Amino acid sequence: MTAYAGKATTTTPTIATATSTKVLDANPFRKLLIIQNASGAHVGVGLNGQTLTGIAPTSTNICLNLTNNDNGNRLVFVDGFVPNGEITIYQTSGSPINTVVIVEG
């Protein structure tokens, strides 16, 4: 396994309700990506710059769904395939906390 040295960046972008929101630019050098849903609602995550129209994955709304509980609220990519496209998030309903936590390295 190749070891990577470098600084990880943590951000907590605010997600606009019922809008596809870009949270990370494309990065061909990305070696680590962790996305955690810190919102009170479920969110959809697009890994290739998709303009999302909801949180349900379909043939035209290609996304992964992150729930708002500890059993399914994070995506972790490391040591192998790490998406390098623009990352978008969609949240269908309002909540007290419209955020995700993103670690990129």
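Quick notes on this structure:
- Coordinate range along principal axes, alpha carbons of the chain, Å, largest first: 40, 28, 23
- The chymotrypsin sites (Phe, Trp or Tyr not before Pro) of the range 22-105 that meet both conditions, a loop assignment by DSSP and at most 13 other Cβ atoms within 10 Å of the site Cβ, are Phe29, Phe81.
- Taking amide H atoms as placed 1.01 Å from N in the peptide plane, the amide H of Gly40 lies under 5 Å from those of Ile97, Thr99, each 5 or more residues away in sequence or on another chain.
- Comparing mean-square fluctuations of Pro57, Pro28, Pro13 from a GNM of the chain with C-alpha springs under 10 Å, the top value falls on Pro28.
- Placing +1 on the Cβ of every Lys and Arg and -1 on the Cβ of every Asp and Glu, with nothing else charged, gives the range 13-104 a dipole about its Cα centre of roughly 40 debye.
- On full extension, the segment bounded by Thr58 and Leu32 gains 6.7 nm, given 0.36 nm per residue less the C-alpha separation.
- HN-Hα J in Hz across the range 11-23 - Karplus 6.51, -1.76, 1.60, θ = phi - 60°, x for Gly and Pro: 10, 10, x, 8, 9, 6, 5, 6, 9, 6, 10, 6, 10
- In plain terms, the chain from Lys22 to Val78 could stretch by 18.0 nm, reckoned as 0.36 nm per residue minus the Cα-Cα distance.
A short reminder: the numbers here are calculations on the coordinates, not readings from a lab. Please read these numbers as outputs of a predicted model, since none were measured by experiment. Every residue, glycine among them, receives a Cβ derived from its backbone with ideal geometry; neighbour counts consider all protein chains shown.
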